Amino acid sequence: MKSAEPFDWERINFVLELRGATVENFVAESQDKSRSALAKSLEAAYLAWEEQLKGDQAMFDAEVIRSERESAKSRAKLVKQLEECHDRAWRTVQGFMESNMQVFHGRSVDADSTVMPQLFSWVDATIDESDAKADPDSKDEDTVKKDDEDAEQEAEDAEVCDIRYQLEKSLGLKERGLRVRPITWVFDTATVYGSRDGCLPGLACISKDTGNIFRSSKAMKTGVIHEVHMLPRNEFYKPPAASPTKSNLPHLGRALTDIQEWKQVAAGTDIVKKSLAAFNVPTVATTILLDGIAYDGFPALAALEEICQGKTVVSASVMLDKPGQELGTRLSNQIYESCRAGKLELQNFPNFEPTIAALKAGSARRECNEYKVCRQHGTKLVVLESLASKFLQTETLADRANDLIKAHNEIYNADGDYMASDRTETAEVRERPTKRIKLEPAADRMTKADLQKLEDPHFVIKLFTLELTCLKKNRAIQ
C-alpha cells in the first residue's frame, strides 16, 4: 500500500467509531421513520374506522325509520282488519239471536201475569196459606237470641220445607190434572264451593194424561238429576265487605239470604242442559223450552248454546218486570264473548286470534347485513369487538376510541356489550386432517367365488386394480 503520508495506526479507532455512529444513527432514523409510519397508519385506520362507524349509524337510523313506517302501516292494516272482524261478528250474533230467541212481555196493564196465570195464583195462594198457619209467637224476635244462628237457620229451613210441601200438595190436587214429582239436582262435588249444599230440591209438574211422553223420562222415573256443574266461583256474586269509612252505606257487610244463595246455586246453563237431557225421550226430535219467569236468562242461554252445537231447540222467554230488549242485549254479549273465547262455534263467526297475535307480535325488524364495523342484534347496533379492541389497546388512541364507543352505546346499545367478529380469521383456520382408511392385507388370497359373496365385489375389484396400477408405476420408476 502506497501513501503520500505515513500510515498512522492510532487513527484507526476514530474511523471505526465514526463508522459505528453512522450505522447507529441510520438504524435510529429508520426506527423513527418506522414508528412514525406505524403511528400514521394506525391514525389513518382509526379515522377510517370512525367514518365507517358513523356510516353504520346512519344506515341503522334509516333502517329504523323505514321499519317504524312499515310497522305503522302494518298496525293500521291489522287494526282495520280487527274492526272488520268485530263488525262481522256482531252482525253474525245479531242474526243468530233474531232467528233463535223470542222474548215476550208477560205483564198486563193491571200488573198481572199473562203467562200461566193459574199457576201464579196457585203459588200465591199456597204461600199465603202457609203464612196464615204459622204461629206468630214462635217467631218473636224478642224470644230468640240474636247469637243463636243455628236456631234461626232451623226455623227458616222448616218454613221452606213447609212451603214446599204445601205447594206440592196444592199442585197435586185431583181437579188440576197434574202429576207432581219431587226432583233433586245433585251437583258434581268438584264444583261445590265452601259450605254450600251439594244438592237442590225442586218440583216437576207434568200432565196426568196417559199419552204424556215425559212420564217415561229418566227424571220422572228416578227423581234425581246427577253430575250438575255449579256456576263457576268467579261468577258468583260476593257482597261487599263492611268498611268503617263507609258507615253511611248500610248494605255493606250484609250477607246474602238463603233465597239469594239458592238462586246463585241454581244459576248457570249446565243445570238447564242436564235437566233437558234428563227429561228428554228418544222419540222427541225437537226440544221446546219456555222460560215463564225470565229472571236471569240462563234457560234461554242454554237453549242458544244447544243450537250452536247443532241440536234442534226452540226457546222463548217471558219478562215480567223488565223489557225484553235488556235480556236480548245481555245474552247477545254472552254469546259474543263465548264465541270469542272459543267455547261456542257459530257459523260465519270470524276468528280473531291471527289478527290479535299479529298485533301483539308487531312487525319484525329486517336484519341488515351491509354494516362495516357493527352488527345488528335485534333492536341494537353492536360494535364489533375484534375491530374496536385494536384501538382500545393502542395508547395514543385508547381514550378517543373509548369515548366514541361510549357515545355510540348510549344511543344504539344500552347494554354496552360487544359482539365478536363474524368474519373468518385466516390465521385461526386450520385444515382438518383427512381421514384415511387403513387397508389390512388378507391372510389368504381371495378367489373369484369369494369376491362374488361380498356385498359390493365391484369395490374390492377397483381397489385391487388400483393396487396393481401402483405396483406397476413403482417398478417402472425403479
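Within the range 336-364, residues that are farther than 26 Å from residue 76 by Cβ and not assigned by TED's automatic domain parsing to the domain that holds residue 307 reach no partner that is modelled with pLDDT of 85 or more and surrounded by 10 or more Cβ atoms within 10 Å (Cβ to Cβ) with beta carbons closer than 7 Å at six or more positions or on different chains. Pairs meeting the criteria (first residue in the range 391-403 and more than 16 Å from residue 44 (Cα to Cα) and charged (D, E, K, R), second residue surrounded by 13 or more Cβ atoms within 10 Å (Cβ to Cβ) and at pLDDT 90 or above, beta carbons under 7 Å, at least 6 apart or on different chains) are lacking.
The residues of the range 71-115 that are over 20 Å from residue 350 (Cα atoms), modelled with pLDDT of 60 or more and either loosely packed, with under 14 Cβ neighbours inside 10 Å or not polar (S, T, N, Q) (or both), listed by number, are 72, 73, 101, 103, 104, 105, 106, 107. Does residue 294 qualify as being buried (at least 20 other Cβ atoms within 10 Å of the Cβ) and touching a Lys or Arg at 6+ places or on another chain (Cβ under 9 Å)? Taking the combined requirement at face value, the residue satisfies it. Of all the numbered requirements in (1) within 28 Å of residue 308 (Cα to Cα); (2) modelled with pLDDT of 80 or more; (3) touching a helix residue (DSSP H, G or I) at 6+ places or on another chain (Cβ under 9 Å), residue 221 misses one, and that requirement is (1).
Residue pairs whose Cβ atoms lie under 6 Å apart, separated by 6 or more positions or on different chains, with the first residue in the range 55-68 and in a helix (DSSP H, G or I) and the second of a type in the set (Ser, Thr, Tyr) and at pLDDT 85 or above, are 56/371. The residue of the range 147-177 that is surrounded by the fewest Cβ atoms within 10 Å (Cβ to Cβ), among those that are more than 25 Å from residue 228 (Cα to Cα), among the charged types (D, E, K, R) and modelled with pLDDT of 80 or more, is 175.
In the range 321-333 there is at least one residue matching the filter, namely being without any contact (Cβ under 8 Å) to a residue 24 or more places away in the chain, under 30 Å from residue 83 (Cβ atoms) and within 31 Å of the chain's Cα centre (by Cα).
The helices (runs of 4 or more DSSP H) found entirely in the range 232-327 that carry 2 or more residues being modelled with pLDDT of 80 or more are 270-279, 298-308. Selection within the range 192-219: residues that are in contact (Cβ under 8 Å) with a residue 40 or more places away in the chain and among the polar types (S, T, N, Q). The member of this set that is nearest to residue 160 (Cα to Cα) is 217.
Number of residues in the range 341-364 that are β-branched (Val, Ile, Thr) and within 13 Å of the chain's Cα centre (by Cα): the value is 1.
Considering the range 164-190, the residues that are of a type in the set (A, V, I, L, M) and under 50 Å from the mean Cα position of the chain (by Cα) include one that is farthest from residue 271 (Cα to Cα), namely 180.
Being closer than 25 Å to residue 281 by Cα, among the β-branched types (Val, Ile, Thr), out of contact with any Lys or Arg (no Cβ under 6 Å at 6 or more places or on another chain) and surrounded by 15 or more Cβ atoms within 10 Å (Cβ to Cβ) is the requirement here; does residue 180 meet it?
It is true that residue 180 is closer than 25 Å to residue 281 by Cα, among the β-branched types (Val, Ile, Thr), out of contact with any Lys or Arg (no Cβ under 6 Å at 6 or more places or on another chain) and surrounded by 15 or more Cβ atoms within 10 Å (Cβ to Cβ).
The values are calculated or read from the model by the stated rules, or taken from the named source; none is laboratory data. Every value quoted in this text rests on a predicted model; they were computed, and no experiment measured them. Neighbour counts are summed over all protein chains in view; Cβ atoms, including those assigned to glycine, are modelled from backbone coordinates with ideal geometry.
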